[in-house]
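The values are calculated or read from the model by the stated rules, or taken from the named source; none is laboratory data. Note that the structure is predicted; figures quoted are calculated from it, not measured. Neighbour counts run over all protein chains shown; Cβ positions are idealised from the backbone, glycine included.
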Amino acid sequence: MWEDVYQTYFDVPDDEKEKFIRAIERDKTANSSNIAKLISNIRETRFSEGLGCIHCGSTAVVRHGKYRGRQRYKCKDCSKTFNDMTNTPIGGTHKPHLWLRYIELMVEGYPLPKIVKHLDIHISTAFYWRHKVLNAVRSIGDNVLQGVIESDETYLLESMKDSG
């Protein structure tokens with residue numbers, strides 16, 4: 001599902017992209033019930049052809065308790081455990097309720113320091129999340145940049161120490 005959303009987003013005209021962003025803005029309140037719906041949708045999409053191990057592909061999977069409210073599974077073949085979010089961009093994050101807003105701010109072009117202030121997260125978290133989002137988009141397979149590409153300049157401080 002998410003792969004289809006990303007692909008569709010890049011294929012639609014700019015005015016449609018703006019409509020998409022406005023739709024996201026209308027649903028900014030990403031509370032726990034919205035996250036539960038998101039996780040449910042990801043699970044349904046991910047395992048639409050049946051529950052299988054994300055590590056080895058085996059269908060010999062059993063429930064293996066819950067952790068932080070999420071169902072865990074264990075593969076009988078490879079003995080590895082996983083949940084619905086394992087190996088997804090939001091897998092392993094402590095604040096999944098902030099992800100929708102984070103992506104929205106990122107798409108709107110906010111720099112990381114401003115995103116940090118908006119979401120009250122650490123700069124290293126924002127940096128890590130950005131790379132998770134970019135890797136997810138890259139994994140879709142469309143590596144060609146399109147449209148307007150912007151870049152900021154980088155300033156490096158020059159040290160005159162020990163220059164004699």
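Kindly establish whether residue 98 is touching a Lys or Arg at 6+ places or on another chain (Cβ under 9 Å) and at pLDDT 85 or above.
Spelling it out, it is not the case that residue 98 is touching a Lys or Arg at 6+ places or on another chain (Cβ under 9 Å) and at pLDDT 85 or above.
Mind listing whichever residues of the range 71-91 are surrounded by 13 or more Cβ atoms within 10 Å (Cβ to Cβ) and more than 18 Å from residue 137 (Cα to Cα)?
Result: 71, 72, 73, 74, 75, 77, 78, 80, 81, 82, 83, 84.
Please determine, by comparing only the residues of the range 74-101 that are assigned to a loop (DSSP other than H, G, I, E, B) and among the basic types (Lys, Arg), which one is farthest from residue 127 (Cα to Cα).
Restricting attention to the range 74-101, the residues satisfying the condition of being assigned to a loop (DSSP other than H, G, I, E, B) are 76-80, 84-95.
In the following step, the residues that additionally are among the basic types (Lys, Arg) were identified as 76, 80, 95.
Numbers: 76: 36, 80: 29, 95: 14 Å.
Among those residues, the one meeting the criterion is 76.
Can you find, within the range 31-70, the residue that is modelled with the lowest pLDDT among those that are surrounded by 12 or more Cβ atoms within 10 Å (Cβ to Cβ), among the polar types (S, T, N, Q) and under 22 Å from the mean Cα position of the chain (by Cα)?
Among those residues, the one meeting the criterion is 34.
Does the range 120-130 include one or more residues that are within 16 Å of the chain's Cα centre (by Cα) and modelled with pLDDT under 85?
no
What's the number of the only condition in (1) free of Cβ contacts under 8 Å to residues at least 40 places away in the same chain; (2) in a loop (DSSP other than H, G, I, E, B) that residue 71 fails to meet?
(2)
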